[in-house]
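Enquirer: Starting off with a structure, shown below.
The values are calculated or read from the model by the stated rules, or taken from the named source; none is laboratory data. The structure presented is a predicted model; accordingly, all values stated were derived computationally and were not measured. All Cβ positions, glycine included, derive from the backbone under ideal geometry; neighbour counts span all protein chains shown.
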Amino acid sequence: MNNRIFVRLEERGILSVAGPDRRAFLQGLISNDVNKVDESRAIYSGFLTAQGRFLHDFFLVEIGDVFYLDGEAARLDDLRRRLSLYKLRAKVTLAVDDSMAVVALLGPGTHAALGLPEDRGSARPFQGGIVYVDPRHAGLGARAILPKDRIDALARTGFAPGRFEDYDRLRLSLGVPDGSRDMPVEKALLLESGFDELDGIDWKKGCYIGQELTARMKYRALVKKRLMPVRIDGPVPPPGTPVMLDDQDAGEMRSAADTIGLALLRLDMVEQADKEGRPLRAGDAQLTPVNPPRET
């Protein structure tokens with residue numbers, strides 16, 4: 001991928017959160033600090049069960065006096081329903097917004113071409129929507145939430161249409177999960193899924209749903225598994241394929257493309273395989289864990 005491209009992320013959708021209580025309403029529910037968000041800053045966050053298990057992840061931006069959550073399109077109604085359970089007397093409205101599209105922007109000079117600094121989450125208004133540096137990893141380029149009839153404006157900014165596969169391979173190489181493709185609903189844990197490194201948790205914001213388990217895992221060093229990129233030598237294992245070290249359970253495959261994928265791996269098994277020079281296997285494929293480039 002030598003040139004700048006834009007990729008319409010068809011499997012993403014937008015949930016709007018409006019009303020005077022929108023900020024306080026979300027602040028007590030999600031893993032990141034809503035008070036960081038304005039038209040110059042976007043965040044990545046999670047919404048958990050009371051037991052600290054994954055339900056949804058999303059990006060949160062503000063356009064005018066409305067928050068927009070960029071989440072999995074097929075699961076937006078579930079997210080809206082679950083958030084609505086906590087409305088009580090809060091003056092907020094929640095609605096799926098079908099007028100907006102989500103776009104990933106990749107390639108050399110992406111941030112400069114959009115007038116954005118390199119800092120993760122940096123944002124600015126653009127064509128009736130917003131563009132922002134991916135809050136998870138600046139190496140993932142930028143994202144945009146735009147009215148569907150304004151997507152063509154990206155071509156005038158020097159971006160050509162690209163393929164989803166270009167975005168997906170880059171995501172995988174950086175060890176970044178893609179919602180419920182990589183984090184099983186009501187099972188996955190944020191710290192096993194890299195949320196801390198991906199700046200999806202604010203440790204100073206105070207309480208939110210699932211905060212107790214998440215904090216305990218961090219401060220008691222209870223993380224025993226990690227979602228890691230793996231190089232695949234052989235046929236691509238389907239998601240859910242057990243990863244084995246000889247006859248020992250070492251983890252489970254998640255999403256993959258060609259020769260790169262993500263797997264939830266037991267850290268002790270990864271260390272043992274490396275020390276003893278023994279391969280991890282998933283089905284008929286051999287897997288080699290890769291330490292992804294992280295940002296601090």
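Enquirer: Only residues in the range 135-158 that are touching a residue at least 60 places away in the same chain (Cβ under 8 Å) count as the first member; pair them with residues that are in a helix (DSSP H, G or I) and of a type in the set (Asp, Glu), Cβ under 9 angstrom, at least 6 apart or cross-chain, and list the lot.
Expert: Going by the 9 Å Cβ cut-off, there are no qualifying pairs.
Enquirer: Can you name the strands (runs of 3 or more DSSP E) wholly within the range 72-153 that have at least 1 residues being under 21 Å from Leu48 (Cβ atoms)?
Expert: 93-96
Enquirer: Report the residue count in the range 82-107 for those that are farther than 18 Å from Phe47 by Cα, in contact with a strand residue (DSSP E or B) (Cβ under 9 Å, 6 or more places away or on another chain) and charged (D, E, K, R).
Expert: Total satisfying the criteria: 2.
Enquirer: What residue, among those in the range 13-39 that are of a type outside the set (A, V, I, L, M, F, W, C) and out of contact with any Phe, Trp or Tyr (no Cβ under 9 Å at 6 or more places or on another chain), is nearest to Leu191 (Cα to Cα)?
Expert: Among them, the one singled out is Asp33.
Conditions tested, residue by residue: (1) in contact (Cβ under 8 Å) with a residue 60 or more places away in the chain; (2) assigned by TED's automatic domain parsing to the domain that holds Glu186; (3) among the aromatic types (Phe, Trp, Tyr).
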site: Phe47; (1), (2), (3): yes, no, yes
site: Gln51; (1), (2), (3): yes, no, no
site: Gly64; (1), (2), (3): no, no, no
site: Ala74; (1), (2), (3): yes, no, no
site: Leu105; (1), (2), (3): yes, no, no
site: His111; (1), (2), (3): no, no, no
site: Pro117; (1), (2), (3): no, no, no
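Enquirer: Of the residues Ser193, Ser180, which is of a type in the set (S, T, N, Q), buried (at least 20 other Cβ atoms within 10 Å of the Cβ) and modelled with pLDDT of 95 or more?
Expert: Exactly one of Ser193, Ser180 is of a type in the set (S, T, N, Q), buried (at least 20 other Cβ atoms within 10 Å of the Cβ) and modelled with pLDDT of 95 or more, namely Ser193.
Enquirer: Suppose we filter Gly46, Gly71 for residues that are under 16 Å from the mean Cα position of the chain (by Cα), small (Gly, Ala, Ser) and farther than 23 Å from Phe126 by Cα; which single one remains?
Expert: Gly46
Enquirer: Take the residues in the range 196-212 that are of a type in the set (A, V, I, L, M, F, W, C) and surrounded by fewer than 19 Cβ atoms within 10 Å (Cβ to Cβ); name whichever of them is nearest to Lys225 (Cα to Cα).
Expert: Here the answer is Trp203.
Enquirer: Mind checking whether some residue in the range 143-160 is closer than 30 Å to Arg226 by Cα, buried (at least 22 other Cβ atoms within 10 Å of the Cβ), touching a helix residue (DSSP H, G or I) at 6+ places or on another chain (Cβ under 6 Å) and in the same structural domain as Gly28 (by TED's automatic domain parsing)?
Expert: No, the range 143-160 has no match at all.
Enquirer: Then there's this: Please indicate, with yes or no, whether at least one residue in the range 253-261 is in a strand (DSSP E or B), of a type in the set (Lys, Arg) and modelled with pLDDT of 95 or more.
Expert: Checked the range 253-261: at least one residue is in a strand (DSSP E or B), of a type in the set (Lys, Arg) and modelled with pLDDT of 95 or more.
Enquirer: Does Gly234 satisfy being loosely packed, with under 14 Cβ neighbours inside 10 Å, modelled with pLDDT of 95 or more, in contact with a Lys or Arg (Cβ under 9 Å, 6 or more places away or on another chain) and over 27 Å from Asn35 (Cα atoms)?
Expert: When the stated conditions are applied, Gly234 passes them.
Enquirer: Going by the conditions given, is Leu60 under 19 Å from Met183 (Cβ atoms), surrounded by 21 or more Cβ atoms within 10 Å (Cβ to Cβ) and free of Cβ contacts under 8 Å to residues at least 40 places away in the same chain?
Expert: Yes, satisfied.
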